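Encoded as structure tokens, the structure appears first; notes follow it.
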Amino acid sequence: MVQNNNNSKQEVKGDLSYDSKVIQKIVGIALADVKGLLTVNGGFFSNLADKIVNSDDVTNGVNVEVGKKQVAVDIEIVAEYGTNIPKLYDEIRQKIYDKVKEMTGLDTVEVNVTVVDIKTKEEHEKDSVSLQDRLTGATQDAKEKIDEQKDKAEDKKEEKKEDRVK
């Protein structure tokens, strides 16, 4: 209800809805600091894309169905080796429920988690280096080598100049 200047109440109609991308982001960000969860996995093609280009898209691997009052979430994860996976699942489920409820008022009625891989932190970090990161590193190395060779060539040029003109 909205009051206008005449003190009469006028009903304003409307509807609040959430795009699935919004719920995906809430879920992805909520899971960012869960201990034992290395990554939410978007499957083979998503992983391939991440290997080529550095991506911080928190919605990768998060699928949701959004209704007027409820949300269902499906995610695929990579768990850290040694983690108690049933406890990890409980924490993931609770974090998703709490954040979605807090931010949208929607009830999360289902959270399905598929563990697609288990890795050590070291394996995960090694696997997380993208082709873009590697190319950036290689480009930087090449630039440093070229600059080094350029400096040497300029030094030799100066030496020859000094030898000619004394």
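Each reported figure results from applying straightforward, stated rules to the coordinates on display, with no laboratory input. In this text the structure is predicted, and so the values were computed from the model without any measurement. Positions of Cβ are generated from backbone atoms using ideal geometry, with glycine treated the same way; all protein chains shown enter the neighbour counts.
Values as computed for the structure displayed
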| item | result |
| --- | --- |
| Extension gain, Asp107 back to Ala32 (0.36 nm per residue minus Cα-Cα distance, nm) | 24.9 nm |
| 5 angstrom amide H check on Val115, placed H, neighbours 5+ away | Ile77 |
| Trypsin sites (Lys or Arg not before Pro) within the range 63-93: DSSP coil, no more than 14 neighbouring Cβ in 10 Å | Lys68, Lys69 |
| Full-extension gain in nm, Glu123 to Thr83, via 0.36 nm per residue minus C-alpha separation | 12.9 nm |
| Filter on Lys99/Lys119; Lys21/Lys99; Lys21/Lys68 - keep pairs with C-alpha separation over 22 Å | Lys99/Lys119 |
